[in-house]
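Student: Shown below is the structure under consideration.
The values are calculated or read from the model by the stated rules, or taken from the named source; none is laboratory data. Note that the structure is predicted; figures quoted are calculated from it, not measured. Here the Cβ positions follow ideal geometry from the backbone for every residue, glycine too, while neighbour counts run over all protein chains shown.
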Amino acid sequence: MTGPPGTGKTLLAGSIARSAGWPFVSTTIGNWFTSTDGYLGGVMRGANDFFEELLKHHQVIGFIDELDSLPDRAAMSEKDREWWGPVVNGVLTGIDRVKASGRPVILLGASNFAERLDAALVRPGRFDRLVPLLPPSTTEEIVAVFRYYLKSDLAEVDLVPLALLADGATPAAIEAWVKQARRSARRSNRPLALLDLTEAVAPKGNTPLSLLGACAVHEAGHAVIAHALGIPVRRVTIVPTAHARGTTSLDTATVPQTRGGIETLVMVSLAGRSADEALGSGASAGAEQDLRNATTLLASAHAAWGLGSYLSHRVGTGDPLELMRQDPALEQQVEQDLQRLKGKVDKLVSARRDAVLYVAKALLEARVLNSDDLEQAIQASGSTPALFSDGFLSGNAANHPTSIG
């Protein structure tokens with residue numbers, strides 16, 4: 001099993017053994033050091049003891065965790081290979097001995113770095129089936145992981161909104177959030193509540209309401225204009241990440257790779273800036289990534305894709321922005337396109353002012369909206385005027401790039 005840390009590789013191995021009703025024998029290369037004297041002979045004895053334990057059982061599941069701790073001999077220096085070579089050979093011999101025994105033994109391994117494994121370790125007949133184990137990728141999968149760790153707690157509570165907040169999380173992160181939420185409930189001497197989990201997954205912290213409001217307006221601009229231009233919005237959120245205070249995720253599979261399609265994507269990238277200017281506190285440096293995305297798309301359209309001023313392919317493997325800086329004519333053309341498309345977006349945002357404000361208000365309340373939530377907010381904006389306080393619109397929408405694709 002391979003995949004990033006925290007995806008549940010060790011948990012899955014134990015679950016397979018429990019489901020089969022077979023004994024489970026687990027080890028790590030690190031344990032071969034700590035359970036012995038740590039010298040070469042001791043480490044080899046630790047490895048041999050693991051395989052001997054497997055052969056004591058009629059049927060058993062064996063598991064070597066952190067398998068990449070066993071180094072790839074091809075990537076080692078001659079000196080290191082002299083020490084590790086006997087260890088690796090001993091493990092390979094142990095695997096072959098278990099296989100030759102004819103006993104019903106299932107041998108599993110886990111690694112965060114499959115590319116670091118020794119070629120002989122993953123050849124046919126050994127660990128030859130590499131099974132990727134990735135973080136949950138759908139809302140349903142995230143809910144299922146929460147349910148596993150919550151057990152009977154919150155059984156009647158809809159966890160879909162929480163799963164949207166936890167998009168991209170690993171099972172290890174979800175387990176930690178559940179533990180944190182339970183500690184919060186115990187400190188308050190009450191049963192676990194959904195609010196405990198929500199605060200663990202996406203703590204509001206001390207971010208001023210004005211800053212949250214500015215972020216919400218910015219992301220609402222992206223989402224509403226994408227919706228207006230026919231690009232499906234998967235979700236929009238003001239839950240901060242390491243790179244942004246909010247993101248808008250789009251499904252761009254249906255956008256044609258034409259000049260019109262590229263300009264549509266550019267308009268969505270510029271929509272956050274337009275919303276900042278029309279409904280927020282003004283232009284913000286937080287639109288930097290949006291502007292970079294828009295500029296890169298247009299520069300590539302002209303200089304690489306044959307959708308603009310040039311038929312020749314001029315970018316190669318280089319940076320379109322660097323080429324643009326070296327070509328004043330290309331830079332001028334891209335700037336003209338940006339200004340022209342920004343003017344169109346400004347008109348769209350102005351015509352959909354209430355929709356942007358409704359979506360922003362919904363974001364402040366829920367912090368994440370899926371496609372259905374967005375649709376409902378936009379529909380509601382057509383029947384009721386958007387009336388919000390000035391404080392809702394003040395602040396600085398810094399660092400709010402749009403995730404497109």
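Student: Checking Phe51 against (1) in a helix (DSSP H, G or I); (2) over 25 Å from Gly8 (Cα atoms): exactly one of these is not met. Which one?
Tutor: The number of the failed condition is (2).
Student: State which residue is surrounded by the fewest Cβ atoms within 10 Å (Cβ to Cβ) when the search covers only the stretch 38-79 and only residues that are over 29 Å from Pro23 (Cβ atoms) and small (Gly, Ala, Ser).
Tutor: Ser77
Student: Please specify each residue of the stretch 188-221 satisfying the condition of being touching a Lys or Arg at 6+ places or on another chain (Cβ under 7 Å) and surrounded by 22 or more Cβ atoms within 10 Å (Cβ to Cβ).
Tutor: Cys215
Student: Can you list residue pairs whose Cβ atoms sit under 6 Å apart, with the first residue in the stretch 114-131 being buried (at least 16 other Cβ atoms within 10 Å of the Cβ) and the second being of a type in the set (Lys, Arg)? Count only pairs 6 or more apart in sequence or on different chains.
Tutor: Asp118/Arg73
Student: Okay, moving on. Could you grab me the full set of residues in the stretch 99-113 that are in contact with a Phe, Trp or Tyr (Cβ under 8 Å, 6 or more places away or on another chain) and either crowded, with 19+ Cβ neighbours inside 10 Å or within 23 Å of Thr34 (Cβ to Cβ) (or both)?
Tutor: Leu107, Leu108, Gly109, Ala110
Student: Return yes when Arg147 is surrounded by fewer than 19 Cβ atoms within 10 Å (Cβ to Cβ) and touching a helix residue (DSSP H, G or I) at 6+ places or on another chain (Cβ under 9 Å) and no when it is not.
Tutor: no
Student: Mind counting the residues in the stretch 56-82 that are modelled with pLDDT under 95 and of a type in the set (A, V, I, L, M, F, W, C)?
Tutor: Qualifying residue count, the stretch 56-82: 5.
Student: Go over the candidates Ser274, Ser300 one by one and state the one that is hydroxyl-bearing (Ser, Thr, Tyr), more than 18 Å from His218 (Cβ to Cβ) and within 30 Å of the chain's Cα centre (by Cα).
Tutor: When all the criteria are applied, what remains is Ser300.
Student: Quick check on my filter: what residues within the stretch 292-304 are among the hydrophobic types (A, V, I, L, M, F, W, C) and either free of Cβ contacts under 8 Å to residues at least 40 places away in the same chain or surrounded by fewer than 17 Cβ atoms within 10 Å (Cβ to Cβ) (or both)?
Tutor: Here is the first cut: in the stretch 292-304, the ones among the hydrophobic types (A, V, I, L, M, F, W, C) are 294, 297-299, 301, 303-304.
Across the stretch 292-304, the qualifying residues are Leu297, Ala299, Ala303, Ala304.
Student: Quick check on Val122: is it part of a loop (DSSP other than H, G, I, E, B) and either β-branched (Val, Ile, Thr) or in contact with a Cys (Cβ under 6 Å, 6 or more places away or on another chain) (or both)?
Tutor: yes
Student: For the stretch 266-279, state whether one or more residues are acidic (Asp, Glu), at pLDDT below 95 and not in a loop (DSSP other than H, G, I, E, B).
Tutor: Yes, there is a match, as at least one residue in the stretch 266-279 is acidic (Asp, Glu), at pLDDT below 95 and not in a loop (DSSP other than H, G, I, E, B).
Student: Kindly check whether there is at least one residue in the stretch 170-193 that is within 18 Å of the chain's Cα centre (by Cα), over 27 Å from Ser381 (Cα atoms), part of a loop (DSSP other than H, G, I, E, B) and not assigned by TED's automatic domain parsing to the domain that holds Gln379.
Tutor: Among the residues of the stretch 170-193, at least one is within 18 Å of the chain's Cα centre (by Cα), over 27 Å from Ser381 (Cα atoms), part of a loop (DSSP other than H, G, I, E, B) and not assigned by TED's automatic domain parsing to the domain that holds Gln379, which makes the answer yes.
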